[in-house]
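First up is the structure itself, then whatever we jot down about it.
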Amino acid sequence: MNSSFIELGNLSMHVVSAGPTDGKPIVLLHGFPDAWFLYERQIKFLADRGYRVIVPDQRGYNKTGKPAGISSYRVDLLVEDIIALLNHLKLDRVDLVGHDWGAAVAWMVALQHPERLKSLGIINVPHPLVFKKFIGTEPRQMMRSWYFGFFLIPFLPEFLLSLNNFAAMLAKKGSLNEEERRRAIDAWRQPGALTAMLNWYRAAILNRPELRGDGEIDLPVLILWGKRDPYLIHEMAAESLGFCPRGRLELLENAGHWPMLDESDLLNKLLLEF
C-alpha cells in the first residue's frame, strides 16, 4: 500500500492506494468514525486481483485536512472533494464504493455526477430520499437516529466520546484487535479530528442539501446491507433499490453496520462479482 498526500485546492487529502497503476480504478469511501484502514481487507483482496484501489481519508478524518467550521462539511463540498480527487488522478470514470457517511457521499456523487462513475457500491446506507422519508415517518428509525440530535450539541459530544481513551467509540466498532484499536485511537487523536468528524452530522442537519430530479440513478448499483445493523433498519435497503433500475440488493444476514469487518470474505466476493 502506498500512502501519499494530494493537494486539492485548500484541502490536503491523505490517500492510500494499492494495485497496478494501469488496473481498473475503484475508489472506496469510509464513514464515521473510520479512516482508510476500514477497508484494509478489501484493499488487499481487490489489488491482488488487478484493481487499482484508491482509498482517501475523507475531509476532517485522520491525516486529511480539517477545515474549521460546520459549513466546511456541507455535502456539496464532500462531493467536490471526490470529483477533485478523480480529476487530480486523471480518472474519467471509476467504480465507487461507500460505507456509512462514505455511502452518503457516494449516493450524491452518483446523483450529481453520474458521468464519472462506471458503477456504484453502497454499504449500509439508504438512498438520501429514502432516509429523509424514514427519519420523518418511521418510529423505529427515529429512535435509532437519536444521536444525530445529540451530536448537534457543542463540545459535549467531543468530551464524552473521548473519555477513557475513546472507550465509547471503540465499543461502537465492536471487536478490534490491538493494532486496529491503536490505529483508530491515533486517527481520533489528530488535532481537530473529533470535531471535524462530528461536523459532518452537524452540517447535514443545519445545511440540508436540495435534491434535484426524481432521485433515479441509471447506473449499475449494488446495495450491500448487514441485516443486524443497530443504527439503520434494513427495510430502507429495499426501498432504496426502487431508485436504481439497474440495481441489485444483497442482505448479509450475519453482519451488522460494518460488513467489511463482520463478513469480509462474503463482502469481497460480492464486490468482485459485481
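Quick check on the stretch 39-54. Is at least one of its residues modelled with pLDDT under 95 and out of contact with any Ser or Thr (no Cβ under 8 Å at 6 or more places or on another chain)? Show your work before the answer.
Taking the stretch 39-54 first, the residues modelled with pLDDT under 95 are 40-41.
Next, from what is left, pick out any that are out of contact with any Ser or Thr (no Cβ under 8 Å at 6 or more places or on another chain): 40.
Yes, that holds for at least one residue.
Taking Met197, is it touching a residue at least 40 places away in the same chain (Cβ under 8 Å) and closer than 26 Å to Ile153 by Cβ?
Details: touching a residue at least 40 places away in the same chain (Cβ under 8 Å): yes; closer than 26 Å to Ile153 by Cβ: yes.
The answer is yes for Met197.
Output the helices (runs of 4 or more DSSP H) that fall wholly within the stretch 104-218 and possess 3 or more residues being surrounded by fewer than 18 Cβ atoms within 10 Å (Cβ to Cβ) and of a type in the set (Asp, Glu), or say none.
178-188
Do any strands (runs of 3 or more DSSP E) lying entirely in the stretch 1-67 carry at least 2 residues that are crowded, with 21+ Cβ neighbours inside 10 Å, and which ones are they? Steps first, answer last, please.
Details: elements: 2-8, 11-18, 25-29, 52-56.
In the stretch 1-67, 11-18, 25-29, 52-56 are the strands (runs of 3 or more DSSP E) which contain 2 or more residues that are crowded, with 21+ Cβ neighbours inside 10 Å.
Hey, does the stretch 256-270 have a residue that's of a type outside the set (Asp, Glu), in a helix (DSSP H, G or I), under 26 Å from Glu180 (Cβ atoms) and open to solvent by 50 Å² or more (accessible area, probe 1.4 Å)? Even if it seems obvious, please write down each step before you answer.
Step one: list which residues in the stretch 256-270 are of a type outside the set (Asp, Glu), which gives 256-261, 264, 266-270.
Adding the requirement that they be in a helix (DSSP H, G or I) leaves 259-261, 264, 266-270.
Now narrow it down to the ones that are under 26 Å from Glu180 (Cβ atoms): 259-261, 264, 266-270.
Filter again for open to solvent by 50 Å² or more (accessible area, probe 1.4 Å), leaving 266, 269.
Yes, that holds for at least one residue.
What are the residues in the stretch 219-240 that are open to solvent by 10 Å² or more (accessible area, probe 1.4 Å) and of a type in the set (Ser, Thr, Tyr), if any?
Within the stretch 219-240, Tyr231 is the sole residue that qualifies.
The values are calculated or read from the model by the stated rules, or taken from the named source; none is laboratory data. Everything numeric here is computed off the predicted structure, so don't read it as measured data. As a convention, Cβ positions derive from the backbone with ideal geometry for all residues, glycine included, and neighbour counts pool all protein chains shown. Please note that ligands, DNA and RNA were not included when accessible areas were found on the heavy atoms of the full protein model with its side chains. Shrake-Rupley method; radii C 1.70, N 1.55, O 1.52, S 1.80 Å.
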